[in-house]
1. For the subset of the range 146-176 comprising residues that are aliphatic (A, V, I, L, M) and surrounded by 24 or more Cβ atoms within 10 Å (Cβ to Cβ), which member is nearest to the chain's Cα centre (by Cα)?
2. For the range 91-108, give me the residue count where each residue is more than 10 Å from the ligand (Cβ to nearest atom) and in a loop (DSSP other than H, G, I, E, B).
3. Just the residues that are among the small types (Gly, Ala, Ser), modelled with pLDDT under 95, more than 15 Å from the ligand (Cβ to nearest atom) and closer than 25 Å to residue 163 by Cβ, please, taken from the range 52-90.
4. Looking at the range 181-198, I want the residues that are farther than 19 Å from residue 162 by Cα and have a partner that is assigned to a loop (DSSP other than H, G, I, E, B) and of a type in the set (Asp, Glu) with Cβ atoms under 8 Å, at least 6 apart or on another chain. Which pairs are those?
5. Of the residues 179, 171, 154, which is farther than 20 Å from residue 77 by Cα and small (Gly, Ala, Ser)?
6. So how many residues does the range 103-124 have that are surrounded by 16 or more Cβ atoms within 10 Å (Cβ to Cβ), under 24 Å from residue 78 (Cβ atoms) and not hydroxyl-bearing (Ser, Thr, Tyr)?
7. Give the residues of the range 78-99 that are surrounded by 20 or more Cβ atoms within 10 Å (Cβ to Cβ) and among the hydrophobic types (A, V, I, L, M, F, W, C), sorted by residue number.
Amino acid sequence: MTLRDAPTPPHPVRTRSVTTRVGRRRRVGRRVYAGAVVAGLAASAVAVVQLVSAPTDHVAGLVTRQTDAAPVTAVGLGPGLQQRFDDARAAAAAEGVELWITSGWRTADEQQQLVDDAVERYGSVEEARRWVLPPESSEHVAGTAIDVGPTEGAYWLQQHGADFGLCQTYANEVWHYEAATEPGGGCPEMHDDASHGW
Ligand SMILES: [Zn+2]
């Protein structure tokens, strides 16, 4: 999935709402601004709760759409993809940047659950389809995609991924990468979002 230069949260909807809330209350006064900070912390707590309550670790990253999801030991990735990620992680580490996989291979059932969750989360099928693909076309079910974190690592990979043959493929998902070019090659143009795959 697809994602900004300032260290803002990766979830575009959440980012906009928090920014708006803080901006509006700042103009009112310091006490109200403090309230907005508390509200922001509460929102973070909600995200943590969602993460902890997710059914399995490797689904958690997708459920929350957060690049700060906990790392998982990816399973079911092809050796090529795993090797490319391992190489990228080593290079990032050499620059002092952490990089880990938050979601790799998923079963069709897990993917369908994400679709159902997304419809509930985003409030419409149309919006949900911008963020998640059906099991039959999901690259995660095929084992050809990884979601990465934390946020700094995702942005590092956005800049350096092509060196390792890893490309961000959806403009709205900075955390989603596929082995879409040869190492050192050029990445294909990104899709705006996942809606083309439906
Ligand atoms: Zn993904």
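1. 148
2. 7
3. Passing the criteria: 78, 80.
4. Taking only residues 6 or more apart or on different chains, the pairs are 193/173; 194/173.
5. 171
6. 9
7. The answer is 81, 85, 88, 92, 99.
Okay, residues lined up against (1) within 14 Å of the ligand (Cβ to nearest atom); (2) in a helix (DSSP H, G or I); (3) at negative phi:
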| site | (1), (2), (3) |
| --- | --- |
| 110 | yes, yes, yes |
| 114 | yes, yes, yes |
| 119 | no, yes, yes |
| 137 | yes, no, yes |
| 140 | yes, yes, yes |
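The values are calculated or read from the model by the stated rules, or taken from the named source; none is laboratory data. Small disclaimer: the values here were computed from a predicted structure and weren't measured. Here Cβ is always computed from backbone atoms with ideal geometry, including for glycine, and neighbour counts include all displayed protein chains.
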